[in-house]
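Here the structure comes first, spelled out in structure tokens, and everything after it is commentary.
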Amino acid sequence: MRRISIFGATGSIGQSTIDLIARDPESYHVVALSGGRNVAQLAEDARKLNAEIAVTAEVALLPELREQLAGSGVEAAAGEAALIEAARRPADWVMSAIVGAAGLPPGLAALEQGATLALANKESMVCAGPLVMQTARAHGGAVLPVDSEHSAVFQALIGEDIAAVERVIITASGGAFRDWPLEKLAGATPEEAATHPNWAMGQRITIDSASMFNKALEVIETKEFFDIDPALIEVLVHPESMIHALVGFRDGALMAHVGPPDMRHAIGFALHYPERKTLPVARLDLVKLGQFTFRAACETRWPALRLAREVMATGGLAGAVFNAAKERALDAFIARRIGFLRMAEVVEETLNRVSAQSGLITAGITLDNVRAADHFARVTADEIITQD
Ligand code: NAD
Ligand code: MG
């Protein structure tokens, strides 16, 4: 039996992971499940999967979680230290599906105990890619991408020589506003931004899809995951969301990964790797689909893409600053404190101000330095937002 843990179990990716595990309960022993405010869901899944421990990020909700788990034999715990303790429990395969920079510490703790880390939490790679990869190497573990584009690139690279790669194209649906006139974007509401044309995902990543901050994070994630020169990474808008990424080789071949927009493919691939097992995803009827279309990704419409290039050129802890500023700008947009277009401006201004503080961005990529850069970026972004 494989021992598995799922961090962010109550979210969109977490629930899809549980869907796969629950189809074959005999094969898995569930060590830990974690969630946030939705303790009822967390307790229900922990009971169903007979987990060792359930952890909520919210300390105030521990009594409620305890009550919901009474008599089940599942341990209850709360808070960041408990999350890390749970991630240190030996497991063979750990899903990292918390949203935001909060996903980094438990992911690192899982790698430190030698687990294979299935990484949906792209923020870990953006904030601390080199640290994540080095931790995996040092403890004999592995990191497998779960983000659909990165799973696609990973699959296209199996058996290939990375030196033969000429370009990597990751696709974007274009999000909720891809067809909106530019002048309407300033007035876009959080509700409008949180409706995705093709994928059902958590609220934050869905809004990040509309602003392309999600793709900006993914461009950085591509560089970190595959150690690819940023100049070789391209973004294309592909409204159908059927081709997730393409890898171009020096002989002119372009290998595309095609599949329906269902995260259970990438999750299942990471769960069974290096085997391929049957997965409950729809099979494409290409004749019915008829055609795939592509458009250039315009950096005027989506300035987040330009910012991602600047972050990669700066290197060091710029990714941690970028992500933290983006998280605060997104919070402010959801709270209706700033408009949709202001998010990118807040992030750019934060990057400029933090870069001017000598030493912060160039400090080594350790967890402490990531936390410091993240904290400083949040305070700076909040100052900029408050001045509005
Ligand atoms: P979600 O909002 O649906 O779920 C997030 C999970 O994290 C929940 O379990 C929530 O309780 C938990 N959480 C939130 N804040 C936390 C905190 N501070 N501390 C601990 N736990 C916390 O998000 P999602 O859509 O499942 O996305 C999860 C991650 O996977 C994100 O990094 C996202 O970018 C990435 N991802 C998601 C998809 C998708 O289709 N949903 C696709 C690719 C990548
Ligand atoms: Mg993605």
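Structure notes:
- Flag if Gly73 is among the small types (Gly, Ala, Ser), out of contact with any helix residue (DSSP H, G or I) (no Cβ under 7 Å at 6 or more places or on another chain) and closer than 22 Å to Leu104 by Cα: no
- Flag if Val219 is assigned to a strand (DSSP E or B), of a type in the set (A, V, I, L, M, F, W, C), buried (at least 16 other Cβ atoms within 10 Å of the Cβ) and touching a residue at least 12 places away in the same chain (Cβ under 8 Å): no
- Within region 75-92, being under 22 Å from Ser16 (Cα atoms) and surrounded by fewer than 24 Cβ atoms within 10 Å (Cβ to Cβ) holds for Leu83, Asp92.
- The one condition in (1) within 14 Å of ligand 2 (Cβ to nearest atom); (2) more than 17 Å from the chain's Cα centre (by Cα); (3) surrounded by 17 or more Cβ atoms within 10 Å (Cβ to Cβ) that Asn198 fails to fulfil: (3)
- Only one of the numbered conditions (1) closer than 22 Å to Leu246 by Cβ; (2) part of a strand (DSSP E or B) is violated by Met95, and that is (1).
- Verdict on Arg328 being surrounded by 21 or more Cβ atoms within 10 Å (Cβ to Cβ), farther than 21 Å from Val143 by Cβ and at pLDDT 95 or above: yes
- Looking only at region 19-56, residues that are within 11 Å of ligand 1 (Cβ to nearest atom) and without any contact (Cβ under 8 Å) to a residue 40 or more places away in the chain come to 11 in all.
- The set of residues in region 107-125 being over 8 Å from the mean Cα position of the chain (by Cα) and either within 8 Å of ligand 1 (Cβ to nearest atom) or surrounded by fewer than 24 Cβ atoms within 10 Å (Cβ to Cβ) (or both) consists of Leu108, Ala109, Glu112, Gln113, Gly114, Thr116.
- All of Ala102, Ala128, Ala82 fail the test of being out of contact with any strand residue (DSSP E or B) (no Cβ under 6 Å at 6 or more places or on another chain), assigned to a helix (DSSP H, G or I), within 14 Å of ligand 1 (Cβ to nearest atom) and under 18 Å from Asn38 (Cβ atoms), apart from Ala102.
- All positions within region 166-179 that are over 17 Å from Ile243 (Cβ atoms) and either buried (at least 17 other Cβ atoms within 10 Å of the Cβ) or within 16 Å of ligand 1 (Cβ to nearest atom) (or both): Ala176, Phe177
- Looking across Phe333, Phe269, Phe340, one residue alone is part of a loop (DSSP other than H, G, I, E, B) and within 23 Å of the chain's Cα centre (by Cα). It is Phe340.
- Screening the candidates Thr350, Thr362, Thr380, Thr366 for the property of being among the β-branched types (Val, Ile, Thr) and modelled with pLDDT under 95 yields one hit, Thr362.
- Among (1) within 21 Å of the chain's Cα centre (by Cα); (2) touching a residue at least 40 places away in the same chain (Cβ under 8 Å), the one test that Pro260 misses: (2)
- All conditions but one from (1) more than 14 Å from ligand 2 (Cβ to nearest atom); (2) surrounded by 12 or more Cβ atoms within 10 Å (Cβ to Cβ); (3) within 17 Å of Ala156 (Cβ to Cβ) apply to Arg276; the one that does not is (2).
- Qualifying position, being over 30 Å from Leu131 (Cβ atoms) and surrounded by 19 or more Cβ atoms within 10 Å (Cβ to Cβ), among His238, His244, His265, His257: His238
- Members of region 255-280 that are over 15 Å from Asn198 (Cα atoms) and of a type in the set (Val, Ile, Thr): Ile267, Thr278
Here's the yes/no breakdown for (1) more than 20 Å from the chain's Cα centre (by Cα); (2) within 25 Å of Arg264 (Cβ to Cβ):
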position	(1), (2)
Ala152	no, yes
Ile158	yes, yes
Val165	yes, no
Trp180	yes, no
Ala194	no, yes
Gly202	no, yes
Ser211	no, no
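- Test: residue in region 178-191 that is farther than 18 Å from Ser12 by Cα, of a type in the set (Lys, Arg) and in a helix (DSSP H, G or I): yes
- Counted residues, region 192-213 - those being free of Cβ contacts under 8 Å to residues at least 24 places away in the same chain and within 16 Å of ligand 1 (Cβ to nearest atom): 3
- Exactly one residue out of Ser16, Ser34 is at pLDDT 95 or above, within 19 Å of the chain's Cα centre (by Cα), assigned to a strand (DSSP E or B) and polar (S, T, N, Q), and it is Ser34.
The values are calculated or read from the model by the stated rules, or taken from the named source; none is laboratory data. The structure displayed is predicted, hence computed values, not measured ones. Note that each Cβ is placed from the backbone with ideal geometry, even for glycine, and that neighbours are counted across all protein chains shown.
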